[in-house]
Every structure is written in C-alpha cells, then in structure tokens.
Number of protein chains: 2
Amino acid sequence: MQSLAMARGVLLDLSGVLYDGDTVLPGAVAAISRLRDAGLPIRFLTNTTRQAKRQLLAQLQRLGFDCAAEEVFTPVAAVRAWLQRNGHQPHLLVHPALEEDFADCRAEGPVAVVLGDAAERFSYDRLNAAFRALSNGAPFLALARNRFFRHRDGGLSLDAGPFVEALEYASGVKARLFGKPAANFFLAAAASMGLEPKDVVMVGDDAESDIAGALAAGIGTALLVRTGKYRDGDEHHFQPEPTAVIDDIRAACALILHRA
Amino acid sequence: MQSLAMARGVLLDLSGVLYDGDTVLPGAVAAISRLRDAGLPIRFLTNTTRQAKRQLLAQLQRLGFDCAAEEVFTPVAAVRAWLQRNGHQPHLLVHPALEEDFADCRAEGPVAVVLGDAAERFSYDRLNAAFRALSNGAPFLALARNRFFRHRDGGLSLDAGPFVEALEYASGVKARLFGKPAANFFLAAAASMGLEPKDVVMVGDDAESDIAGALAAGIGTALLVRTGKYRDGDEHHFQPEPTAVIDDIRAACALILHRA
C-alpha cells in the first residue's frame, strides 16, 4: 500500500459504495455523517444514467443520505454544456428516465449522438439509427463507458460502455467521454470544493473508472472498496492501482478521518 | 496496382458482389456462367448469418445463380464442428432463421456463446444473458465480426461485429472468429478446390474482411469491387490493400479470365 495523503475533501461513488439497488450498504449513512461532522466537503460522483438527477436526489434522500443537489455530479451537465457551446441538438440514446434532463436542449441544427446506459432501450433499431447518424458525421458524446454494474438481482449487467464500443467499432467515430474516468469530471468536482486534486480522496468500487481514472487525473488518493461490482483481483487489472483496497465505505471513512 | 497472378480458382463474396438484397447486380449471373465455362472452380464465401444455409441456397437459385450446396461456405459448419469437438452446447445469440442450422447440436454440457448477425434479436436482455454466460467462463464463438452491411433500404446497417466488440469489452473474453477474415475460412475453401491459396482469387466488397483477410491468409489475389458496402477510399483503410479495385463483378470476371 502506498502512503495515504491527508484528505481535505472526499469524492464518493454512489452505487456499489453507498448502496446496491435499494439497499443501503452497512454503515454508509453513518459514514457520511462522520465525514460531515469532521468538516470535510463531499461530492458524489456517479456515472449512473438510468435516472434523472431529480430522481437520483430523491433516491439518496429516501435511503437516508444527507446531500444537496449541488454536491451531486453526473455527466449530464457537461454534455449539456457541450451541446450548447457547439450548437448541436442531441440524438438521444439514453434511458427514458434521463430524457427530462435534455428536454430543454435545442431541437435544431446538426445532431450529436448522446449515449447513456439506456438499458432495455438498447434495441437494434435504436443502435442502428445512432450508427447511421455517426456515419453521417454526427459527433459522439458518451455519458459513460463503464463495462458493467452489479444489478439488484445480484448478477452483473451490461452498462453503457459495451454499446459505446459497438458504435465506435461500426462507425469509426471515437466517442468523447464525459463521465468517469474522464479527467475533467474529477477535476470539476475537486474545483467545486476549492481544493487541489492532490488534496482529495476518491472512494469507489470500479477499479478502472473510479480508481485508475481518479489517480490518472491527479486526485491524490483513491480507495477501492470490496463492495458493489468489486471482484477479487480487480485492483491489479488497471493502472494506476488503488492507493488502498479496503472492505467498505465504513473502513474508507475511518481511514480518511484517521489522516484528515 | 500489383501484378495479377494467374487464377486457377475463384472465391466470391455474395451480398454486395452478386446481389444487394433481392436485386441481382448487373451482369452477375452471366459473370458466374463465364467463369464456369472457362472451367474455373468457384466457392461462394459469405459471413451472412441472417438465413439458414437452406434459405441462402434457395435465394441464390431464385436470383438465377447456378450453384451447389457444397460450393457455398458459411461460418456455421466450422462452429458446429468446434462445438462437437469440444463437447459444448451452444448458447445462441443468432437470427431466428439461423437456429435450424444448430437444431441438432448437443443440449447438455458446458455452454459456449455463439454470436451471429441476430438483427432485431440483439435486445438488451439477450445481450446481457450472453454477457453473464461469458462472465461465468463460457467460450465465445463469433460467426463473423463485420462492422456493417448495405441494407436493402440503401443505408448502412449494423452487422455482427459491433456486438462481438460490445461483449468482449464487457466480459474481457476474446471471441474466436470463424467467418472471414479468419484465415481458416479462406484456406478451407481453397483446399476444397484442391488448390494452393496462392493460385486462388477472392472477389469482395469488404476491404477488411474479404480483401485484407484473404491476402493475410495467403490467397494470391484479392479484387475489391465498388459495389455493395464499398465507399470511396476503403482500399486504403486496411492492410494488405487489394490487388486491384474494380467496378463490379463483371469487371472482376473479365480480369480473371484475361489472366486465367
């Protein structure tokens, strides 16, 4: 284990770290409270795109987590800003629940394909329509490219990443990534706390997108928890490897407070 | 253009070379007859997996092409042989029309995921079931990994390849490829004519899987036609580049007979 730097702010992944489906992971609510009591600012960083931000906040509050809208970072805001800045309208291949977050985007001008975890919406016809748009020159904006997540039935399920890969392979158009592990996603969250990336700790269950992504972006410390999608040995599959591998959010909280 | 070797046998791709959908390409039927009149053996090599072999033969005959079942090579036979040899039953993610070609495969023992161009069958749930089988250790057998094909509506449509990529990315399991551009597919067809690969010419509209694949396998000559899925500049996107790029099957036939 590398030495653990002092943390002045905390970035937390959601699903697999704080909860699995509708089940709060043991000690997660108390861990958040302890971090807050210690005066550490927190940002919640999720690539989950099966919910509108409104629904995500409602779920967090229903599960007992104390958090404010401005503390929750999803890739949607960055994609919306890109569309606005570049004068594109979105061609959406996203979960129906996410559509409301794009409802006020422009509906004219050239299209950009926006892909999230569309779940059952990933039909052949919708994938093919997106492929044709890309073949006609549309830019490709990916909310996330995670490989899989732990489904509430206990099994692993396909996330957005495999479908990003599929459309890149077919069209030859490389996707621009907005969620983790994109460096800008971590850096924007650190900046929103007024902190240097090196003074921040990231906690996640995805060795690739939470951990290697954060460290590559310059985040000082990244703790991989053995909950959620974690599988034995994950910490050795991606570079950089986590600062530490620990049991769960409780252990992460204890480690952070010990050093803070 | 490299020099064109003498051809003693001909390998022909089907869709995009002889026909597009239900439309015979100009001069295609006559071109086949001329090759036969010249005494050149022919094999038809297709990665198309939206039809059973029985239906494919019926289509060829309905369109006016003179060909026998043993002249038509699809990846199915090689996959069936692999399953038999390795004692696996297939977990099929294929077009419903193709299922009959696997009907007599074993229905017990460990599963192997078999993926073809399943078209509208590529639902999230079916892809996820295949992903879970792969995550549990099933081998991954791909009938083809073509990127797209020219649909009868005139547009390009997703082929099997993007879905192979998606499941490889999610599961970390690399697919074993049986159709073009797998070298064995070309070599088996050449051997069935009793010819050395170097004495054979391949004609196709796919610069990657027909042309680069054949040349990499040792086929002596590969002619890329400007019909079907061909798009300007395709000949420069994959290595090795075609021996020659020509208008269509008529021109290919003329060139072959001139040298034969």
**Prompt:** How many residues are surrounded by fewer than 20 Cβ atoms within 10 Å (Cβ to Cβ) and on the phi < 0 side of the Ramachandran plot if we restrict to region A:140-154?
**Reply:** 4
**Request:** Could you please give the count of residues in region B:127-139 that are within 13 Å of chain A (Cβ to nearest Cβ) and either open to solvent by less than 10 Å² (accessible area, probe 1.4 Å) or under 24 Å from the mean Cα position of the chain (by Cα) (or both)?
**Result:** 4
**Message:** Considering only region A:43-57, I want to know if a residue exists there that is hydroxyl-bearing (Ser, Thr, Tyr) and at pLDDT below 95.
**Reply:** yes
**Message:** Among the residues in region A:95-103, are any closer than 16 Å to A:ALA133 by Cα and open to solvent by 50 Å² or more (accessible area, probe 1.4 Å)?
**Reply:** no
**Message:** For a quick check of your reading: which helices (runs of 4 or more DSSP H) sit entirely within region A:160-252 and have at least 2 residues that are in the same structural domain as A:LEU18 (by TED's automatic domain parsing) and in contact (Cβ under 8 Å) with a residue 40 or more places away in the chain?
**Reply:** A:183-192
**Request:** Restrict the check to region B:231-240 and report whether at least one residue is modelled with pLDDT of 95 or more and of a type in the set (Lys, Arg).
**Result:** no
**Message:** touching a Leu at 6+ places or on another chain (Cβ under 8 Å), modelled with pLDDT of 95 or more and more than 14 Å from every other protein chain (Cβ to nearest Cβ): is that true of B:GLY204 in this structure?
**Reply:** yes
**Message:** Restricting to region A:148-165, name every residue that is over 16 Å from B:ALA133 (Cβ atoms) and within 10 Å of chain B (Cβ to nearest Cβ).
**Reply:** A:ASP159, A:GLY161, A:PHE163, A:VAL164, A:GLU165
**Item:** region A:93-117, subset free of Cβ contacts under 8 Å to residues at least 60 places away in the same chain and under 17 Å from A:ARG145 (Cβ atoms), residue farthest from the chain's Cα centre (by Cα)
**Value:** A:ALA112
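The values are calculated or read from the model by the stated rules, or taken from the named source; none is laboratory data. Computed from a predicted model, the values in this text were never measured in an experiment. Reconstructed Cβ throughout: ideal geometry from the backbone, glycine too, with neighbour counts over all protein chains shown. Note: accessible area is taken over every heavy atom of the protein model, side chains too, but ligands, DNA and RNA are not part of it. Shrake-Rupley method; radii C 1.70, N 1.55, O 1.52, S 1.80 Å.
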